[in-house]
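Colleague: Supplied in structure tokens, the structure appears directly below.
The values are calculated or read from the model by the stated rules, or taken from the named source; none is laboratory data. From a predicted model like this one, the values you see are computed outputs, not experimental measurements. Cβ sites come from the backbone with ideal geometry, for glycine too, and all protein chains shown count toward neighbours. Ligands, DNA and RNA are excluded from the accessible area calculation, which covers all protein heavy atoms including side chains. Shrake-Rupley method; radii C 1.70, N 1.55, O 1.52, S 1.80 Å.
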Amino acid sequence: GESVGLHLPTLSVQEGDNSIINCAYSNSASDYFIWYKQESGKGPQFIIDIRSNMDKRQGQRVTVLLNKTVKHLSLQIAATQPGDSAVYFCAETRGAGSYQLTFGKGTKLSVIP
Amino acid sequence: DAMVIQNPRYQVTQFGKPVTLSCSQTLNHNVMYWYQQKSSQAPKLLFHYYDKDFNNEADTPDNFQSRRPNTSFCFLDIRSPGLGDAAMYLCATSSSTETQYFGPGTRLLVL
């Protein structure tokens, strides 16, 4: 079945470095993508989203890139801080116009002080 | 400031004893979702309400039920919890757009 997956289950970065978390998706009909951050014992927290008619979107210290040709999504975190340590999930809509999400497996980001 | 509230944050129940988890929202969103999340896994959608319309996922066990008495509240009922139902249960809401906002979750322990 179609699903959203992540290339790397764990990522360790030095404090102050940039982090890149990758996500592959297979549903070509997906038109909306979200990145969530989940800290231990808490619910997922919305970080940033992007629609399929865009290639890039920037937020505060975060950038999401969408490559529809290869069905790839990435989250870039600039100047990674210890507070960025969490599990990051990408999610996609189940199809064009759908409001339901399919979550990827998650990447655990560990920031080394 | 809390927008999606879940109570309790931790729930302990006995094997086979019915349990109800609660979710409320101050966002006036028309869609409410319940997810199950096990350790080191992604959230798994159990069901959702679009307004008053209940939508069950095909693989959600009959043991899981839900009620939405009004826009603000939604309940997850587990009729006969098994050991395999121990998990974090997440409530989320959205308007008819796609962005879902999650509550802090209720961690369920089944003894």
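Colleague: Per the Cauchy relation, a quarter of the hull surface: what is the mean projected area of the convex hull of the alpha carbons in chain A, in nm²?
Modeller: 6.7 nm²
Colleague: Please give the solvent-accessible surface of B:LYS44 in Å², to the nearest 10, using a probe radius of 1.4 Å with every protein chain present.
Modeller: Ignoring ligands and nucleic acids, B:LYS44 comes out at about 70 Å².
Colleague: So how much accessible area does A:ILE112 have, in Å² to the nearest 10, using a 1.4 Å probe?
Modeller: 80 Å²
Colleague: If you don't mind, another one. Which whole-number percent of Cα pairs in the protein assembly as shown have a distance greater than 32 Å?
Modeller: Taking all Cα-Cα pairs of the protein assembly as shown, the fraction more than 32 Å apart is 19 percent.
Colleague: Return the equivalent ellipsoid semi-axes of the stretch B:4-110 as a descending list in whole Å, where each equals the square root of 5 times an eigenvalue of the C-alpha gyration tensor.
Modeller: Values for the stretch B:4-110, descending: 21, 14, 13 Å.
Colleague: Work the Kirkwood hydrodynamic radius out for the stretch A:30-87: mean of 1/r over every pair of different alpha-carbon atoms, inverted, in Å.
Modeller: By the Kirkwood definition, the hydrodynamic radius is 12.2 Å.
Colleague: If you average 1/r across every pair of different Cα atoms in the stretch B:54-108 and take the reciprocal, what Kirkwood value do you get, in Å?
Modeller: When all Cα pairs of the stretch B:54-108 are included, the Kirkwood radius is 12.9 Å.
Colleague: Cut-off under 29 Å on the C-alpha distance; same-chain residues fewer than 8 positions from A:LYS37 excluded. Which lysines are left, in chain and number order?
Modeller: A:LYS56, A:LYS68, A:LYS71, A:LYS105, A:LYS108, B:LYS38, B:LYS44
Colleague: Then there is this: Measure off, as a whole percent, the carbon and sulfur share of the 1.4 Å-probe accessible area of the stretch A:48-100, all protein chains present.
Modeller: 47 percent
Colleague: To continue, here is another question. Just to confirm the filter: which trypsin sites (Lys or Arg not before Pro) across the stretch B:47-111 are DSSP coil and have at most 16 other Cβ within 10 angstrom of their Cβ?
Modeller: B:LYS52, B:ARG79
Colleague: List the residues, sorted by chain then number, that are 5 or more residues from A:GLU15 or on another chain and whose placed amide H is less than 5 Å from its amide H.
Modeller: Here A:ILE112 satisfy the definition.
Colleague: Quick one: which residues, 5 or more positions from A:LYS71 or on another chain, have an amide H under 5 Å from its amide H? H modelled 1.01 Å from N in the peptide plane, none for Pro or chain starts.
Modeller: Excluding prolines and chain starts, which carry no amide H, there are no hits.
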